[in-house]
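Here is the structure we will look at.
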Amino acid sequence: MSYNFKFRLVCQLVVLAVFFLPGLVSGQIKTDSTSQSYLYFPYPMQAKKWHSSIGFSLTLWPQDISEEAQVRAPAGDYHVIRKIDKGFYLDGQLIFQVVQNHLSIGPRWAHVINNRFSFSLGDDIGWWFGVLKVGDFNTTANGWLNYPNISLGYRVKEQLLVTWKTEAIVNLSYHSSVGGLEVSKSHNTLSGWSTGIYLEQPFYKKKNLTLGLRAIYSNFYWQTWSLFETFDRQLFYPEITVGFIL
Amino acid sequence: MILRYCFILCLSMALFSCRKELEAPVPDTDWPLFDSPGANPMPKQSREAMEGIYKVTDGASVFGEQVVLKWSYVAEGLDTTYYLSVFCSKDIAYFTVEGKVLGDSILLNGYWRKLTNTQTGIARFSIGANNGAKQLLSPLPEIGKDSIVISGMFGNGQDSPSNKLVLTYQRPVYKGTPLEILAHRSGGRTSDHMPYSENSIGMIKYASQLGATGIELDVRLTRDGVPILYHDNTLNLRLIQKNGLVGAIEDYSYAQLNSLVSLIDGEKIPTLRQALETVLNNTNLHFVWLDTKHDDSLTSMRNLQAEYLQKAKAMGRSLEIVIGLPGEDQLAKFKELPNYDSIPSACELSPEDVVDINAQVWAPRWTLGLQNDLVKQVQAEGRRAFVWTLDVPDYISQFINEGYFNGILSNYPSLVAYYYYVKE
C-alpha cells in the first residue's frame, strides 16, 4: 500500500477528537432527541411509530471496473425504522435502481451515553437481485449479505444530529444465471467494510433532511453485479446519500 | 455553524477514504545456480515431454489441486527464449519460468502471480535425475503417471522462496477439439496490474506465457490516419502516465502521441504495424482479432491485414488476422471496402450479418449464454464462433465443457487454458 496507514489513523483520531471532545466536557443539550425525526441517529425510540425517509444515493464506481466510463450510479433510497421494545428498534432500507435492487432489514439496540452521545449496535440481513435481459444481456443474479454495524451518535445542536456508522460487509451467498447457465456460491466471507458520516437536521417546514457520505471498501459491491468482475481485492466506492424524512 | 460542520464532515471523509494504489511488480528472479556457466538450455524433446497435467502434492492450498504445464517462446532476432507456464484455477494463478539443464538435473526459475489480487513471488524448482530428469533428458522421453516430480519453493513478493511446492505428472494435456484462447487487449488489462501495459508490444510478447494462442488488439486511428493500439476514447490516467494531454486520441497525430505519451508502464503507444510485426516475428501466436474502435474508413487496417497475411504466408507461418466489427457503423464501413466479402472478419452482430458479409467468425457477447443451436448453425456454414469477453471462472468452465464455441476471448487466458487443457 502506498499510503501511510498510521498517519491516516492519527489524522482521523485528531479530527474525531476535535469534533467530539466538546460534547464530552459540556452538557448543554437537554431536549429529548425524539422531538426530532431521524433515521440514522442511534437513539432509543420512544413510541412505536414508523419513521421513514425517501431520497437517493449516488455511488462512484472505481475505475478498475468501470474503466474509462465515470459511472456515478444513482439509486432511489427508502429508509424506515420502527420501535420494537425499550432500546430496540428495527431498521429497514430499500435501495432501488430497477436493473438491480437491494433490501436490508435488521434490529438495532440503542443506548444513551449522555445528553450528547449515544450509540447503537445492529445486524442487518440484505438481499439484492438484478435482472438484465436486454440487447446482448440475458442475465440475472441475486445474493444475500450480512451487515453487522455500529453507530455512534453525537448531538451537535438541538436539531443537528451527527452519526458515524461503520459496518462490515459479509457475503453469504451469490447466484447468477447467464443464458441458462448458472453459478451458485454459498460462503460466509468478509467482503469488506464501510464507514460513513450522516447529518440529520431540519430542512423545510418542519421536514428534516439526511445527508450522508459513505466510504465503501469491498471485494464485491452488489450494484456492479452485471459487470461480473472477478477481482478479489477491496475496491473503494465513495457514496453520497440524501434523504427527506417523511 | 452548519457550514462548519459540513466542512468538518467532508474533511473527515477525505481522511477516511484513501484509494489504495495496488501494484504487483515482477520479482527479481536472479538465481546464481540457474545462471551458472554449467547450466545449459533444455533440449526440445525435454520441453515437449514435460507438458501435461500435474497434481499439486504440496502447495495445493495456495495453487489448487492440479495445474497445467505448457511451453511457449519469445523470439528476439536469432535468440529464442522458452518459457514454461503453469496454469492454475485457484485465484487465476500462473507461473512463468525458464528451464535449464545442470548436470543430470533440470532447474526451473521464474515467478508466480495471482490475477484476482496482486500476490506474486519468486519460484524456483528442480527435477532431480531420479525424479524424471533422466527420462526427460533422454533422446526419446517416455513419460507416464508419477514419472516426473517437480519440487521446489515459492516466495511472497521479493522474499526468498521458502514455501514448498511439489508437482507430480499425471497425464498429457487435452489435444482434442481445437480452441482458440484469445487474450483481451493484446494479453491482459492494465487494471490487472500485469507486467506490461495493455495494448503494448511487451504485452503482445507476454501473451503466449499466459496461455494465449491469439490476441485481440484495440485499433484506433490518429488524426493523420495511423492505426494504433489504444482502448479508450480519450487519453486518461487509467492508461497513460500524466503528461497534461487530454481529449480524444483521434485529435492527436501519431508523431505527437509517439513523442509525448507513455503508457502506464512507460511504453510507447504502438502502431498496428509494429504490433503485427511483433506477432509475426517474436511470438507463436496464430490468431489476431483487430477490434475496430473507430468508425472511420477501414482501408488502412485492411491494407495492413493483407500485408501481414502475405508476409506470414511467405514465412510459412500459420497466422489469421480478422477485422473485428463490433457495431453497425463499423459494419457499414467494412462494406465500403472492395471485395469485402472475401476479407477475413469477425462480426459481433447477428448471424444474419455474418452471412451478409461472409465473415469467418461470429462473435457474440458471453452474457447471452451458450447459444448452442446458433453456434452449430454458424459452424454448419463453415464459420467459427468466438465468445467475448469471458472472465468468470465457473462460466469459463461451463462454456468449455458444455458449449461448442471455437474460441474464447478473455482477460484471463491462463484460466481458459487451464480449463481447456485439463479436459479429458
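Quick look at the values:
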item: Residue list for segment A:190-224, restricted to those being without any contact (Cβ under 8 Å) to a residue 24 or more places away in the chain and either in a strand (DSSP E or B) or in contact with a His (Cβ under 8 Å, 6 or more places away or on another chain) (or both); result: A:L190, A:Y204
item: Test: B:A255 is among the aliphatic types (A, V, I, L, M), over 19 Å from B:T190 (Cα atoms) and not in a loop (DSSP other than H, G, I, E, B); result: yes
item: Pairs, first at positive phi in segment B:123-139, second of a type outside the set (V, I, T), C-beta under 6 Å, six or more apart; result: B:G132/B:S147
item: Only listed residue being crowded, with 16+ Cβ neighbours inside 10 Å, farther than 23 Å from B:Y419 by Cβ and within 24 Å of the chain's Cα centre (by Cα), chosen from B:I122, B:I127, B:I53, B:I92; result: B:I122
item: Number of the exception - B:N411 against (1) within 14 Å of chain A (Cβ to nearest Cβ); (2) over 16 Å from B:G211 (Cα atoms); (3) touching a residue at least 24 places away in the same chain (Cβ under 8 Å); (4) open to solvent by less than 20 Å² (accessible area, probe 1.4 Å); result: (2)
item: Filtered residue count, segment B:345-362, keeping only those that are surrounded by 20 or more Cβ atoms within 10 Å (Cβ to Cβ) and within 25 Å of the chain's Cα centre (by Cα); result: 7
item: Sole residue being away from chain A (no Cβ under 13 Å), over 18 Å from the mean Cα position of the chain (by Cα) and of a type in the set (D, E, K, R), chosen from B:R365, B:R384; result: B:R384
item: Hits in segment B:77-105 - residues which are touching a residue at least 12 places away in the same chain (Cβ under 8 Å) and small (G, A, S); result: B:S85, B:S89, B:A93, B:G99, B:G103, B:S105
item: Boolean, B:S151 is surrounded by fewer than 24 Cβ atoms within 10 Å (Cβ to Cβ) and closer than 30 Å to A:F231 by Cβ; result: no
item: Selection from segment B:86-110 of residues that are in contact with a helix residue (DSSP H, G or I) (Cβ under 7 Å, 6 or more places away or on another chain) and at positive phi; result: B:I92
item: Some residue of segment B:56-66 being modelled with pLDDT under 95, polar (S, T, N, Q) and open to solvent by less than 30 Å² (accessible area, probe 1.4 Å); result: no
item: Residue count, segment B:387-407 (criterion: among the aromatic types (F, W, Y) and either assigned to a loop (DSSP other than H, G, I, E, B) or within 17 Å of the chain's Cα centre (by Cα) (or both)); result: 3
item: Residue match in segment B:175-189 (condition: away from chain A (no Cβ under 14 Å) and charged (D, E, K, R)); result: yes
item: Candidate set: segment B:368-379, residues that are within 14 Å of chain A (Cβ to nearest Cβ) and at negative phi; chosen: the one most open to solvent (accessible area, probe 1.4 Å); result: B:D373
item: Members of segment A:54-71 that are among the small types (G, A, S) and open to solvent by less than 40 Å² (accessible area, probe 1.4 Å); result: A:G55, A:S57, A:S66
item: Flag for B:Y419 being open to solvent by 10 Å² or more (accessible area, probe 1.4 Å), modelled with pLDDT of 95 or more and outside any strand (DSSP E or B); result: yes
item: Filter result (within 14 Å of chain B (Cβ to nearest Cβ), surrounded by fewer than 16 Cβ atoms within 10 Å (Cβ to Cβ) and hydrophobic (A, V, I, L, M, F, W, C)) within segment A:100-145; result: A:V134
item: Whichever residue in segment B:236-264 is farther than 23 Å from B:L304 by Cα, open to solvent by 10 Å² or more (accessible area, probe 1.4 Å) and aliphatic (A, V, I, L, M) and, among such residues, is farthest from the other protein chains (Cβ to nearest Cβ); result: B:L260
item: Candidates B:T118, B:T96 - the one that is within 27 Å of A:I65 (Cα to Cα) and modelled with pLDDT under 95; result: B:T118
item: Residues (of a type in the set (A, V, I, L, M) and surrounded by fewer than 18 Cβ atoms within 10 Å (Cβ to Cβ)) located in segment B:310-344; result: B:A314, B:M315, B:A332
item: When residues of segment B:170-184 are limited to those that are open to solvent by 10 Å² or more (accessible area, probe 1.4 Å) and not in a loop (DSSP other than H, G, I, E, B), the one farthest from B:Y419 (Cα to Cα); result: B:H184
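Per-residue answers, yes or no, for (1) more than 10 Å from chain B (Cβ to nearest Cβ); (2) hydroxyl-bearing (S, T, Y); (3) surrounded by 14 or more Cβ atoms within 10 Å (Cβ to Cβ):
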site: A:H175; (1), (2), (3): yes, no, yes
site: A:G179; (1), (2), (3): no, no, yes
site: A:K185; (1), (2), (3): no, no, no
site: A:S191; (1), (2), (3): yes, yes, yes
site: A:G196; (1), (2), (3): no, no, yes
site: A:K206; (1), (2), (3): yes, no, no
site: A:L209; (1), (2), (3): yes, no, yes
site: A:L213; (1), (2), (3): no, no, yes
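The values are calculated or read from the model by the stated rules, or taken from the named source; none is laboratory data. Remember, it's a predicted structure, so these values are computed and weren't measured experimentally. Counting neighbours? That spans all protein chains shown, and the Cβs are built from the backbone with ideal geometry, glycine included. We work out accessible area using only protein heavy atoms, side chains counted, and drop any ligands, DNA or RNA first. Shrake-Rupley method; radii C 1.70, N 1.55, O 1.52, S 1.80 Å.
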